[in-house]
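The values are calculated or read from the model by the stated rules, or taken from the named source; none is laboratory data. Predicted, not measured: the structure shown is a model, and the values here were computed from it. Neighbour counts are summed over all protein chains in view; Cβ atoms, including those assigned to glycine, are modelled from backbone coordinates with ideal geometry.
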């Protein structure tokens, strides 16, 4: 790949990653329980805010902005990041606050995901899609996004330390790579890349804090918006690029947290720690490996031009 | 009387045609021929003999050239009645050809043209004035709306026309050429503008040939 393009991608990933790591470290530096009364700490809500701040700032630096009214689907991405952060807060509130009913917060999340779908496809809905195409596209996206978000929340709820960040980073990072190499869009790859960088920052902070014997929980508030942003970027790839089997790659990536959450449910009571960690990790990697195999079979290579 | 009128009209037509650069009129035949073109008919763009070429700065050291392989629409430049002229062209974005299939996919992606979202580039003239005539080339100032990535901006270009001539398959052909520069960021195409990888200014040359 062209070194200038790598430089461009690094410029979009390293600053948000460093920013995320520093803020996560600052938030979790103060000693205190990562899990309070069986629920994730309210400090996890910072995850959603960090993602929104990192994404919106990087988008504006790389692409200029804000653009209002948005003229293209890409112009909607910062607003989509804000809605994704809102979905993260909903998931985090559910995990951190008592009294927030499960149905209420997931209905609000579903509405936010519907909003993201509409923002992503406002152009084709207005100009070219008929009702059937609109329902098929938005229905498919909403189902994948909601399933991935629920699974990401389940994977990170009440789970402290670096491992939840690894589980979330895998599909988000894979989405970023696929968008660059297979969907031929650095912009969309960078959208998922910023989300991956934020989770990477969380992972780095988690490792440092573990060494210093302090607690850290990524929590649903940090995990859900990252996964949602990656799935949305893949949806943009499916709709706005000419990638063959693009929908299949998107589906496989969205399946990663779902498969990991299912594996976690089955191995939650396993005696061995390796089984409790290894099975969800393997389940998360399997659909991603399948996506990479499909991509390799398509003959796309990151040779650039 | 009728013979006299016919002779005078034929001489008059031939003189006008010669002045306009037409080939001499051949004798009429009995074979069916297409309906004669009216002076106000626009020329339909002939893709095979037309071209849209762009130039953009790469890494601040060189210029990259690319083209669009398809162009559709119609135009009319009338030096005697410039105000009646019009240019209405559409360029399908999917026909971009940068001499690299991978780069073409990238150019069609949301990073640049977002071809699936905005499948065509259009130009519609809103006003045409004649600027001058030198050596058989008539220069016009054409104002119109250029629409790219769903954003429409007024642009003014200088177009040169070589006139009108008989077509190879009958009828008439005409052509025009223009070169102008736009800022892609004006149309929301901002990717890589600030990093010096790809310039903001894009110089576009449009050369049209059309028939009627």
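For residue A:248, the requirement of being under 30 Å from residue A:5 (Cα atoms), part of a helix (DSSP H, G or I) and within 14 Å of chain B (Cβ to nearest Cβ) is not met. Of all residues in segment B:94-111, none satisfies being closer than 30 Å to residue B:136 by Cα and either at pLDDT 90 or above or surrounded by 12 or more Cβ atoms within 10 Å (Cβ to Cβ) (or both). One residue alone among A:102, A:135 is away from chain B (no Cβ under 14 Å), surrounded by fewer than 17 Cβ atoms within 10 Å (Cβ to Cβ), modelled with pLDDT of 95 or more and over 22 Å from residue A:175 (Cβ atoms), and that residue is A:135. Do you know which residues across segment A:51-69 are more than 9 Å from chain B (Cβ to nearest Cβ) and not in a helix (DSSP H, G or I)? Of everything in segment A:51-69, those that are more than 9 Å from chain B (Cβ to nearest Cβ) and not in a helix (DSSP H, G or I) turn out to be A:66, A:68, A:69.
Checking A:13, A:48 one by one, the residue that is at pLDDT below 90, part of a helix (DSSP H, G or I), closer than 14 Å to residue A:199 by Cβ and in contact with a helix residue (DSSP H, G or I) (Cβ under 6 Å, 6 or more places away or on another chain) is A:13 and no other. Exactly one residue out of B:152, B:207, B:161, B:147 is within 14 Å of chain A (Cβ to nearest Cβ), buried (at least 16 other Cβ atoms within 10 Å of the Cβ) and outside any loop (DSSP other than H, G, I, E, B): that is B:147.
Flag: residue B:92 matches the condition of being within 14 Å of another protein chain (Cβ to nearest Cβ) and either farther than 20 Å from residue B:157 by Cα or out of contact with any helix residue (DSSP H, G or I) (no Cβ under 6 Å at 6 or more places or on another chain) (or both). Filtering A:212, A:229, A:170 for residues that are modelled with pLDDT of 95 or more, touching a helix residue (DSSP H, G or I) at 6+ places or on another chain (Cβ under 9 Å), away from chain B (no Cβ under 14 Å) and over 22 Å from residue A:138 (Cβ atoms) leaves a single hit, A:170.
For segment B:134-142, check the following and say yes or no: at least one residue is in contact with a helix residue (DSSP H, G or I) (Cβ under 7 Å, 6 or more places away or on another chain) and either more than 11 Å from every other protein chain (Cβ to nearest Cβ) or surrounded by 21 or more Cβ atoms within 10 Å (Cβ to Cβ) (or both). For segment B:134-142, residues in contact with a helix residue (DSSP H, G or I) (Cβ under 7 Å, 6 or more places away or on another chain) and either more than 11 Å from every other protein chain (Cβ to nearest Cβ) or surrounded by 21 or more Cβ atoms within 10 Å (Cβ to Cβ) (or both): present.
Taken as a whole, the condition of being buried (at least 24 other Cβ atoms within 10 Å of the Cβ), within 14 Å of chain B (Cβ to nearest Cβ) and in contact (Cβ under 8 Å) with a residue 24 or more places away in the chain does not apply to residue A:155. In segment A:173-180, the count of residues that are farther than 25 Å from residue B:117 by Cα and surrounded by fewer than 24 Cβ atoms within 10 Å (Cβ to Cβ) is one or more. Just one of the listed residues (B:186, B:200) is surrounded by fewer than 20 Cβ atoms within 10 Å (Cβ to Cβ), outside any strand (DSSP E or B) and within 14 Å of chain A (Cβ to nearest Cβ), and it is B:186.
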